[in-house]
Each structure stands twice: as structure tokens, then as C-alpha cells.
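So the structure is just underneath, and the comments pick up after that.
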Amino acid sequence: MTNKYQPTWTLAAVYQLTPEMLKEKGIKGVLVDLDNTLVAWNNPDGTDELRVWIRRMKEAKIPVVVISNNSAPRIRRVVDKLELPYISRALKPFSHGLRRAGKMLQLPVASLVMVGDQLMTDIRAANRIGMRSILVKPLIESDAWDTRINRWRERRQLKKIYRDGKIQWKTELEE
Ligand SMILES: [Mg+2]
């Protein structure tokens, strides 16, 4: 039986995702969470690794859309420099924002993947509409207090999904 918080794949970081890996899985577009997936809260400008990754995706013509529960001004501070489209107030764990992104890209749900660091929001939203998903390791562990409460709930789910709650962070998309 599949758990509603079960990601399709795990990956140590979003930067490890290559156009080749996506093509092999029939994925044509990437929806990505902002906080702690794309950028760490204490480094909103992102890293060189991130910029290289975005350029690589652009060259491969794989669109990347930021899907965040945050407000537009907060998201724009980060994505304007990176030149990425975004969906604000996505209301994850609901799938509303993910659907909007699919319409924006004119791509079906089956050809998209949702990448995020939280089971309770990112992965849950993807599972609600049968979209494949990738759980990534949070960029930094310390976080806002509300996220910490979520982390506690996450750990409970992780224990149900993975033995001992320990995730095997992969470098490839392996089931
Ligand atoms: Mg996040």
C-alpha cells in the first residue's frame, strides 16, 4: 500500500538532477519548492551550483517553475535574479499550485515532477494529483519554528515509509 507522503524518488540535492535523468523518466518539466530546496533561508541569493543547474536545464529546454506557499514579493526576491517563473501562495499540501504550473507550461501532470524537501507539503501535493515527486535533503537543518513542528511530523511519517526513518539519499533516480 502506498503512503500518501511517499515520494517517488529521493535525491541528496536538486542540483543532482540532470536533463538525461529526467528524459529517461519521460519528464519534461520540473516544479520546485523554494525554501530549503532551491535556496537556504540564510542565503536567498542561492549558490553557484544552483545557477549552473538552472543554466543546464535552460539549455536542455526543460522548464523549471518555482512552487511556493510564500507570497510573491518574498519569492521574487530570489527568483527574479535566477529568471525563473513561479507560482506563489501555492497552498501545498493542496495540488492547486501544481495544476496551475502544469497549465502554465501546457504539459500534462504525467510529464512533470515535483521536487521538494518536505513530505507534508511538497510530496503530499504531488501525490494528490498522481504527479511523480523527488524528496531532497533540506539545504540546512535549522529553520523557522513552524517548519520545525512540521519536521517533527515529517519524522513520524519518515519512520512509516523508511526503515528507522533513515532516508537513503540517492544520486540517481532509483526506485
Ligand atoms: Mg521547503
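The values are calculated or read from the model by the stated rules, or taken from the named source; none is laboratory data. What you see is a predicted model; the values in this text were computed from it and never measured. In this analysis, Cβ positions are derived from the backbone assuming ideal geometry, glycine residues included, and neighbour counts consider all displayed protein chains. With ligands, DNA and RNA removed, areas are computed over all heavy atoms of the protein, side chains included. Shrake-Rupley method; radii C 1.70, N 1.55, O 1.52, S 1.80 Å.
Count of region 1-39 residues, restricted to those that are over 13 Å from the mean Cα position of the chain (by Cα) and under 25 Å from LYS81 (Cα atoms), is 4. Candidates ALA90, ALA12: the one that is open to solvent by 10 Å² or more (accessible area, probe 1.4 Å) and among the small types (Gly, Ala, Ser) is ALA12.
Taking ASN42, is it of a type outside the set (Ser, Thr, Tyr) and open to solvent by 60 Å² or more (accessible area, probe 1.4 Å)? So that I can check it myself, show each step before the final result.
On the way: of a type outside the set (Ser, Thr, Tyr): yes; open to solvent by 60 Å² or more (accessible area, probe 1.4 Å): yes.
In short, yes.
The listed residues are MET114, MET120, MET104, MET131, and the only one of them that is modelled with pLDDT of 90 or more, within 15 Å of the chain's Cα centre (by Cα) and away from the ligand (no atom under 15 Å from the Cβ) turns out to be MET131. Taking the criterion of being more than 23 Å from PRO93 (Cβ to Cβ) and touching a Ser or Thr at 6+ places or on another chain (Cβ under 8 Å), the residues of region 16-39 that qualify are GLN16, GLY26, LYS28. Residue check: is LEU112 on the phi > 0 side of the Ramachandran plot and among the hydrophobic types (A, V, I, L, M, F, W, C)? Considered against the rule, which asks whether it is on the phi > 0 side of the Ramachandran plot and among the hydrophobic types (A, V, I, L, M, F, W, C), LEU112 comes out as no.
Considering only region 87-122, state which residues are among the charged types (D, E, K, R) and under 25 Å from ARG156 (Cα atoms). I'd like the intermediate steps shown before the answer.
From region 87-122, those among the charged types (D, E, K, R) are 89, 92, 99-100, 103, 117, 122; that's our starting set.
Matches in region 87-122: LYS92, ASP117, ASP122.
In region 112-124, the residues that are closer than 13 Å to LYS28 by Cα reach residues that are hydroxyl-bearing (Ser, Thr, Tyr) and more than 11 Å from the ligand (Cβ to nearest atom) with C-beta atoms within less than 7 angstrom, at least six apart or across chains, in these pairs: VAL113/SER133; MET114/SER133. Restricted to region 110-139, and to residues there that are open to solvent by 40 Å² or more (accessible area, probe 1.4 Å) and among the hydrophobic types (A, V, I, L, M, F, W, C), the residue that is nearest to THR10 (Cα to Cα) is LEU139. Residues of region 15-31 that are assigned to a helix (DSSP H, G or I), more than 16 Å from the ligand (Cβ to nearest atom) and surrounded by 14 or more Cβ atoms within 10 Å (Cβ to Cβ): GLN16, PRO19, MET21, LEU22.
For (1) closer than 22 Å to PRO138 by Cβ; (2) touching a residue at least 40 places away in the same chain (Cβ under 8 Å); (3) in contact with a helix residue (DSSP H, G or I) (Cβ under 6 Å, 6 or more places away or on another chain), each residue gets a yes or a no:
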position	(1), (2), (3)
LYS23	no, no, no
LEU31	yes, yes, yes
ALA40	yes, yes, no
ARG56	no, no, no
VAL64	yes, no, yes
SER68	yes, no, yes
ALA72	no, no, no
LEU84	yes, no, no
LYS103	no, no, no
